[in-house]
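These notes concern the structure reproduced below.
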Amino acid sequence: MNVEAQKRAAATRAVEFVRPGMRLGLGTGSTAKHFVELVGERVRAGLDIIAVPTSEATRADAERYGIPLTTLDETPELDVTVDGADEIGPGLTLIKGGGGALLREKIVAAASGRMIVIADESKAVETLGRFPLPIEIAPFGYGATEKAIHSAIAGLQSPGPLPLRRTKDGHAFVTDGGHWIIDAALGRIDDPAALARALAAVPGVMEHGLFVGIAQMAIVAGPDGVRIVER
Ligand SMILES: O=C[C@H](O)[C@H](O)[C@H](O)COP(=O)(O)O
């Protein structure tokens, strides 16, 4: 199985957890895209669900597949969110936000009774941090916020470079919420919970991509098949 087939296999297994009448959170990214497509197939075959997308990109996909959508204003509690991840560490701690959707993804996951992560085997790591940690910030006060993020990280571990995410044409990448993203090159994160707390305390940080204690299950697909990890 190549990586794309692994993503598809994880998404296919996740669809088995979807029941009629459920309120779903739809994740963002190339793995979640498979799930959205598969849910769309079930909906067209008669499955009755409603869903909240975690990004404008996923909203567009869901609309294209005919999935009935709602909002967290109309439906503040969801049953299950299925989403991808950039890294899955011990205890189902995650790094998310490679696609820039971390803020909405965390809001939607937190509003869900259960979060199921789907991923190919390359995402499973022993220590988080090789993937740069996305930190979503308000554009206002960027310089001061970056300095405060540096200090917050330095209180716990060696802070690496904190580059601002840019588009190919050199402009700052702007999230669906109108914010910017710093991709913190940390190398390794020894204490994800402590780092999550420290970053959340920085004014100007809208959200960070560490998901600690949020996911209950990961469906990880490798070349030889799918395995389920539960917290
Ligand atoms: O912001 C994007 C999300 O957190 C994605 O779920 C994450 O980046 C994984 O994406 P992919 O499935 O494309 O590797």
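Near Met206, the amide H atoms lying under 5 Å from its own belong to Glu136, Ile137, Ala138; only residues 5 or more places off or on other chains count, and H is placed 1.01 Å from N. Solvent-accessible surface of the chain, taken per residue with a 1.4 Å probe and all protein chains present: 44 Å².
Please give the charge dipole size of the stretch 133-205, origin at the Cα centre, charges +1 on K and R Cβ atoms and -1 on D and E Cβ atoms. Round to the nearest 20 debye. Before the final figure, lay out the partial values.
Numbers: 6 positive and 7 negative charges, 22 e Å.
For the stretch 133-205, the charge dipole is close to 100 debye.
Can you give the net charge of the other residues whose Cβ lies under 15 Å from the Cβ of Phe140, counting K and R as +1 and D and E as -1? Let's see the in-between values first.
Values: positive: Lys147; negative: Glu136, Glu146.
For residues surrounding Phe140, the net value is -1.
Report, in whole Å, the centroid distance computed from the Cα atoms of the stretch 48-77 and the stretch 110-166. The stretch 48-77 and the stretch 110-166 have Cα centres spaced 26 Å from each other. Charge dipole (Cα centre; +1 on Lys/Arg Cβ, -1 on Asp/Glu Cβ; no other charges) of the chain amounts to roughly 140 debye. Take every Cα pair under 8 Å whose residues are at least 6 apart in sequence, average their separation, divide by the length of the chain, and the relative contact order is 23 percent.
Protection proxy ranking, highest mean first, for peptides 198-208, 152-162: 198-208, 152-162, where packing is the per-residue count of other beta-carbon atoms within 10 Å, averaged. Averaging 1/r across all pairs of distinct Cα atoms in the stretch 133-205 and inverting the result yields a Kirkwood radius of 12.5 Å. In this structure, Lys147 and His171 have a Cβ-Cβ separation that, at R0 = 25 Å, corresponds to a calculated FRET efficiency of about 0.65. Counted over the stretch 133-205, the DSSP beta bridges are approximately 100% antiparallel. Here each label is just a point 7 Å from Cα along the line to Cβ, and for Ala200 and Arg42 those points are 3.0 nm apart. Expressed as a whole percent, the accessible surface of the chain that belongs to carbon and sulfur atoms is 54, based on a 1.4 Å probe.
Each principal axis of the Cα cloud of the stretch 1-133 was evaluated for its coordinate range; sorted largest first, these ranges are 40, 34, 24 Å.
Remind me, what semi-axes does the chain give for its equivalent ellipsoid, largest first in whole Å, using sqrt of 5 times each Cα gyration tensor eigenvalue? Don't skip to the end; give the middle numbers.
Values: eigenvalues 174, 78, 47 Å².
Three semi-axes, in Å: 30, 20, 15.
Given Phe211, Gly178, Ala152, which one lies farthest toward the positive end of the charge dipole of the chain, if we put +1 on the Cβ of every Lys and Arg and -1 on the Cβ of every Asp and Glu? Sorting the options by dipole projection puts first Ala152. With θ taken as phi - 60° and the Karplus curve 6.51 cos²θ - 1.76 cosθ + 1.60 applied, the whole-hertz 3J(HN,Hα) list for the stretch 142-152 is 3, x, 5, 5, 4, 5, 5, 5, 4, 5, 4 Hz, x standing for glycine and proline. All other residues whose Cβ lies under 14 angstrom from that of Val82 are scored, Lys and Arg at +1 and Asp and Glu at -1, for a net of +3.
Local charge sum around Ala124 (other residues, Cβ-Cβ under 10 Å, Lys/Arg +1, Asp/Glu -1)?
Values: positive: Lys123, Arg227; negative: Glu87, Asp120, Glu121, Glu126.
Local charge sum for Ala124: -2.
Projecting the Cα atoms of Leu47, Ala109, Leu133 onto the charge dipole of the chain (Cβ charges, centred on the Cα centre) puts Leu133 farthest toward the positive pole.
Comparing Cα centroids, the stretch 168-184 and the stretch 10-34 end up 27 angstrom apart. Protection proxy ranking, highest mean first, for peptides 186-196, 96-106: 96-106, 186-196, where packing is the per-residue count of other beta-carbon atoms within 10 Å, averaged. Beta bridges from DSSP with both residues in the stretch 1-96: antiparallel share about 20 percent, rounded to the nearest 5.
The values are calculated or read from the model by the stated rules, or taken from the named source; none is laboratory data. Because the structure is a prediction, the values reported are computed rather than measured. A quick note on method: Cβ atoms are made from the backbone with ideal geometry, for glycine too, and the neighbour counts reach across all protein chains shown. Quick note on the areas: whole protein, heavy atoms, side chains included, nothing else; ligands and nucleic acids left out. Shrake-Rupley method; radii C 1.70, N 1.55, O 1.52, S 1.80 Å.
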